[in-house]
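Read through the structure below, which is laid out as structure tokens, and then see the notes.
The values are calculated or read from the model by the stated rules, or taken from the named source; none is laboratory data. Since we're looking at a predicted model, the values are computed, not measured. We place every Cβ from the backbone using ideal geometry, glycine too, and count neighbours over all the protein chains shown.
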Number of protein chains: 2
Amino acid sequence: MPRIKILIPNSIDLHLTADADVVVYDIDDAIPAEHRDADMLVVWHNSAERLRDAARHLPRLRVVQALASGTDAVLAAGFADDVRICSGRSLHDGPVAEHALALILSTIRRLDTLHDAQHDHRWDEDFIEAQGAAASQALYTLAGSRVTIWGFGSIASTLAPILQLLGAHVEGIARSAGDRAGFTVHADTDAAAVLADTDVLVAILPATPETTGLLDASTFGSLKRGAVFVNVGRGATVDEDALREALESGRLRAAAIDVTRTEPLPADDPLWDAPGLVITPHVAGNRPVGSSALIDDNLRRLAAGDELRNQVHPSSAARA
Amino acid sequence: MPRIKILIPNSIDLHLTADADVVVYDIDDAIPAEHRDADMLVVWHNSAERLRDAARHLPRLRVVQALASGTDAVLAAGFADDVRICSGRSLHDGPVAEHALALILSTIRRLDTLHDAQHDHRWDEDFIEAQGAAASQALYTLAGSRVTIWGFGSIASTLAPILQLLGAHVEGIARSAGDRAGFTVHADTDAAAVLADTDVLVAILPATPETTGLLDASTFGSLKRGAVFVNVGRGATVDEDALREALESGRLRAAAIDVTRTEPLPADDPLWDAPGLVITPHVAGNRPVGSSALIDDNLRRLAAGDELRNQVHPSSAARA
């Protein structure tokens, strides 16, 4: 059996130990002619155009290993249907959970408004009063709050126990109901009832045909009045006009999103100035942790004919 | 034995169940003449002047129960030396730990600079590059970082396990070395060596004569270059000129403080504009949790002649 030839991108440092022909390629150029016989392609920060180009010019390709958590761009690139596509989702559990927590706490404690007050050299007495008042103090802490995570996969399983340590009651919404990692997860058909009791909604949904625009006016309208919303999944899952309107009407108290429908978000997009909205530029999971080990593992599995890790296409098992 | 008479402030809702004469007083007025025979005084948000007034006019006072975590203002008010003073420290463990975490994550992930970018409608590509670069990506996450908590009491014991879940290696500094809640705590005489390896220094120190100005140019100079600093203890523990210089020189990468030497911080204080500094207006622990239960417990202990909870004066046992 010939050795596996794997192309790894120049956009990340990788140190592979599995037995294979390893070639580094430039993600900004076409794959060189002499390497178009590769069996496996690792992608990280490749443009849509470069992905489409690779899909056309690697006839012997058997596996695309993405290092990103979401594989929507790879799935859209036009690889042959028998090319297996694996995600890097497990590599981002820690970093994305950490960023989600940063956004949740910043939103709950309104670090954004305090930052504006600091800019004005203002010790914010209104904030101090609201946070201390019996009627509103519960809004400023996770202790006793109800957090719902929509999209309950491995990132949620990392995040939920931390929120629980902070005193939050955590449940989930996913395609199917059940118990995941000790947390109650409701079927998305029951979402409205769950949202009515939700103080903090955290979205960690992949971009798929089913999730496109899933979080819409009806979602925000179902939420408890004054809830906060955080999105560290994909921008395509949110109706951004509905999000802006929910913030403008006060239906949502505040929100924080790391992802937008169009990235980078154009400078003239009205989302930038939506009241109480924090936007970070898709930086939650910008550092895959353990990439080399995942690639090595999948190289060995490919050589042995075993099932691959994180395979998302062709789909074999139910996914969160 | 006559019933205990307790004065409770109008600045917080309390629901006591212990057997006592309970009188609500206005924290902005002098204690009415007919209530100057009180045995116990509960204070919350009282001004220094009102505290001094109470210290002069309550001759039968036996206990002052503060609901704040720090009792420096009460200790300075001039109560007779045999009046026992109890803190509300346990009431703030959760809220202060939560705020500390919010400030740590905001500082590590530079939500402040991203907020400024959002204000300019700018998708911050420089940030994205720095966060993804091999040389600097470790700065943007708690995973693998070394966090040192200076002042390792009950708030630190609440905070440390959460930081650990996020992948940080947590140790402490306190007056005496030892193991607290499963974490290694070093004596403050060894601080310099500990700081040299510290990525994130979190100060949770009370204001006492020994801690005044303790965190100074030498402290910041001992820290690993590019470390971040977070203070949720007391402003008096920090030399603010040294903090500003450490930020201006780049010795500190960023910092976040919830407390300042003078509160409110005057509008013309140069600290407001120190580079990379986030200031919040002493809102970490603005909501004591479980106040009524603590007061009830200490009322019963007072009646029974038992040791009081959270007693800080006269000092009986070693404190963190």
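Quick notes
- Breaking point among (1) more than 19 Å from the chain's Cα centre (by Cα); (2) within 27 Å of residue B:93 (Cβ to Cβ); (3) assigned to a loop (DSSP other than H, G, I, E, B), for residue B:191: (3)
- Under the condition of being surrounded by fewer than 20 Cβ atoms within 10 Å (Cβ to Cβ) and within 22 Å of residue B:158 (Cβ to Cβ), the residues counted in segment A:157-180 number 5.
- In segment B:47-103, the residue that is farthest from the other protein chains (Cβ to nearest Cβ) out of those that are in contact with a Gly (Cβ under 7 Å, 6 or more places away or on another chain) and of a type in the set (A, V, I, L, M, F, W, C) is B:55.
- Taking the criterion of being under 21 Å from residue B:14 (Cα atoms) and at pLDDT below 95, the residues of segment B:68-86 that qualify are B:68, B:69, B:70, B:71.
- Residues considered: B:197, B:179. Of these, the only one that is outside any loop (DSSP other than H, G, I, E, B) and not basic (Lys, Arg) is B:179.
- Some residue of segment A:181-194 being surrounded by fewer than 21 Cβ atoms within 10 Å (Cβ to Cβ) and in contact (Cβ under 8 Å) with a residue 60 or more places away in the chain: no
- Among the conditions (1) under 24 Å from residue B:306 (Cα atoms); (2) surrounded by 17 or more Cβ atoms within 10 Å (Cβ to Cβ), residue B:77 misses just one, which is (1).
- Scope segment B:112-121; condition farther than 23 Å from residue B:257 by Cα and at the interface with chain A (Cβ under 7 Å from one of its Cβ atoms); matching residues: B:121
- Between A:307, A:263, A:245, the distinction of being in the same structural domain as residue A:22 (by TED's automatic domain parsing) and either assigned to a loop (DSSP other than H, G, I, E, B) or over 27 Å from residue A:66 (Cβ atoms) (or both) belongs to A:307 only.
- Odd one out for residue A:207 among (1) at pLDDT 95 or above; (2) in contact with an Asp or Glu (Cβ under 7 Å, 6 or more places away or on another chain): (1)
- Qualifying position, being in contact (Cβ under 8 Å) with a residue 12 or more places away in the chain and under 18 Å from the mean Cα position of the chain (by Cα), among A:233, A:221: A:233
- Test: residue in segment B:296-311 that is within 13 Å of chain A (Cβ to nearest Cβ) and buried (at least 19 other Cβ atoms within 10 Å of the Cβ): no
- Filtered by the rule that a residue be without any contact (Cβ under 8 Å) to a residue 40 or more places away in the chain and at the interface with chain A (Cβ under 7 Å from one of its Cβ atoms), segment B:124-144 gives B:124, B:127, B:128, B:131, B:132, B:134, B:137, B:141, B:143.
- Count - residues of segment B:122-173 that are hydrophobic (A, V, I, L, M, F, W, C) and either under 24 Å from residue A:259 (Cα atoms) or assigned to a strand (DSSP E or B) (or both): 16
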